[in-house]
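Contents: one structure, followed by commentary.
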Amino acid sequence: GEHVERVLNMARMDKGEIKLAMNSVSLHQTLDEVIQHFDLNLQHKNQKIITNLNAIDDSIYADQFHLKNIFQKLFFRKQPFG
């Protein structure tokens, strides 16, 4: 199901149906926001995420909304990696 959704989203992007808001984005800030969003849920499970974010220049050119979604899907999947 996820693979089909990704293919459909790629097709929408190719057709110009999805507009990206491209800007300079701080990776550190974006990751911190994603982690904070799930922090309460992690605390209830006695889990935590430890980061070591110390890049001198953490700026990338991206759509922050979609970048956050990518991080959320990578870090907070329901099933284990593998």
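Give me the one-decimal nm value for the distance between modelled label points at ASP57 and VAL7, 7 Å along each residue's Cα-to-Cβ direction.
3.9
Compute the accessible area per residue over the chain, keeping the other protein chains in place, probe 1.4 Å, unit Å².
Value returned for the chain: 85 Å² of accessible area per residue.
Rounding to the nearest 10 and keeping the result within 0 to 90°, find how far the Cα-based axis of helix 2-14 lies from the longest principal axis of the chain.
Taking Cα atoms only, the helix is inclined about 50 degrees.
How far, in nm, would the chain grow between LYS45 and LYS73 when pulled straight, counting 0.36 nm per residue and subtracting the alpha carbon separation?
Residue separation times 0.36 nm, minus the Cα-Cα distance, leaves 8.2 nm.
Just ASP58, ASP14, ASP32 to compare: in a GNM of the chain, with alpha carbon springs under 10 Å, which one fluctuates most?
The residue with the greatest mean-square fluctuation here is ASP14.
Where the accessible area of the chain is counted over protein heavy atoms with a 1.4 Å probe, how much of it, in %, is carbon and sulfur? Intermediate values should be presented prior to the final figure.
On the way: 3800 of 6950 Å².
Summing carbon and sulfur atoms, their accessible area is 55 percent of the total for the chain.
Based on DSSP loop calls and a cut-off of at most 16 other Cβ atoms within 10 Å, the longest stretch of the chain free of exposed trypsin sites (Lys or Arg not before Pro) is what?
The longest such stretch corresponds to 49-76.
Would you calculate, for the chain, the mean residue ellipticity at 222 nm contributed by helices, counting each DSSP H stretch of 4 or more residues as -39,500 (n - 2.57) and dividing by all residues, to the nearest 500?
Only helices count here, giving -17000 deg cm²/dmol.
Would you mind checking which residues have amide H under 5 Å from ILE18's amide H? H placed 1.01 Å from N; only 5 or more apart, or other chain.
MET13
The values are calculated or read from the model by the stated rules, or taken from the named source; none is laboratory data. A quick note: this is a predicted structure, and the numbers were derived from the prediction, not measured. Every residue, glycine among them, receives a Cβ derived from its backbone with ideal geometry; neighbour counts consider all protein chains shown. Side chains are part of the model used for accessible areas, which takes the heavy atoms of the whole protein and leaves out ligands, DNA and RNA. Shrake-Rupley method; radii C 1.70, N 1.55, O 1.52, S 1.80 Å.
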